[in-house]
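**Q** Just dropping this structure here.
The values are calculated or read from the model by the stated rules, or taken from the named source; none is laboratory data. Fair warning: this is a prediction, and the values are worked out from it, not measured in the lab. Here the Cβ positions follow ideal geometry from the backbone for every residue, glycine too, while neighbour counts run over all protein chains shown.
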């Protein structure tokens, strides 16, 4: 008797996941801040670069199912990824390896790690730009008490708190509602706004947008 071998096909979910990964890899270009001396266009180009990176970071968070954040400091900004500490089961499974290597320490809670992937690497600028950020309450993280407690541990030292992002992007693509203004220090009245008023779209405008409560 001749046996019939059935070949299992791919599910729609598997195909969509592969397409999403391919799209993410294809769009993994290196975004860099403009290196130009035209002060009139510097703020606009800076805003466009950040807008593109935020959109890319959202795709990254959704495909990798990772919590991503953006930290803005003086003269630079850095995309970060939340690295969750191992669960109790994972700790038990690795206990033998820890006993063999006493220097290996399991991290408690979790921590923010800088991202170095193309398109999400740290950006620095020496242009005469002033950047100000305004955001609404972190209602996204308030929905998850466990995550909120681990991200904002009261026992965190000052150095750790300084490394906490100001803008968060959740694994489902939702991000913090915020508005950011960038302007040339010589022309402070001519600023450009980068904002997300609905926690999804990232827009650029010449006037201050309104944040949702």
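**Q** So, in region 122-143, exactly how many residues are modelled with pLDDT under 85, surrounded by 13 or more Cβ atoms within 10 Å (Cβ to Cβ) and over 25 Å from residue 67 (Cβ atoms)?
**A** The total comes to 1.
**Q** Of all the residues that make up region 187-202, how many are touching a strand residue (DSSP E or B) at 6+ places or on another chain (Cβ under 6 Å), within 17 Å of residue 132 (Cβ to Cβ) and free of Cβ contacts under 8 Å to residues at least 60 places away in the same chain?
**A** Residues meeting the conditions: 1.
**Q** Go through the residues of region 170-177 one by one and say whether even a single one is at positive phi and either at pLDDT below 85 or out of contact with any helix residue (DSSP H, G or I) (no Cβ under 6 Å at 6 or more places or on another chain) (or both). Give the derivation first.
**A** To start, the set of residues in region 170-177 that are at positive phi comprises 173.
Filter once more, so that each one left must be either at pLDDT below 85 or out of contact with any helix residue (DSSP H, G or I) (no Cβ under 6 Å at 6 or more places or on another chain) (or both): none.
Checked against the condition, which is being at positive phi and either at pLDDT below 85 or out of contact with any helix residue (DSSP H, G or I) (no Cβ under 6 Å at 6 or more places or on another chain) (or both), region 170-177 yields no hits at all.
**Q** Only residues that are in a loop (DSSP other than H, G, I, E, B) and surrounded by 15 or more Cβ atoms within 10 Å (Cβ to Cβ): list them for region 182-208, please.
**A** Let us first name the residues in region 182-208 that are in a loop (DSSP other than H, G, I, E, B), namely 185-191, 197-202, 206-208.
If the condition is that a residue be in a loop (DSSP other than H, G, I, E, B) and surrounded by 15 or more Cβ atoms within 10 Å (Cβ to Cβ), then 191, 197, 199, 202 are the ones that fit.
**Q** Turning to a different aspect of this structure: So, in region 32-55, how many residues would count as being surrounded by fewer than 17 Cβ atoms within 10 Å (Cβ to Cβ), under 24 Å from residue 81 (Cβ atoms) and modelled with pLDDT under 90?
**A** Number satisfying all stated conditions: 1.
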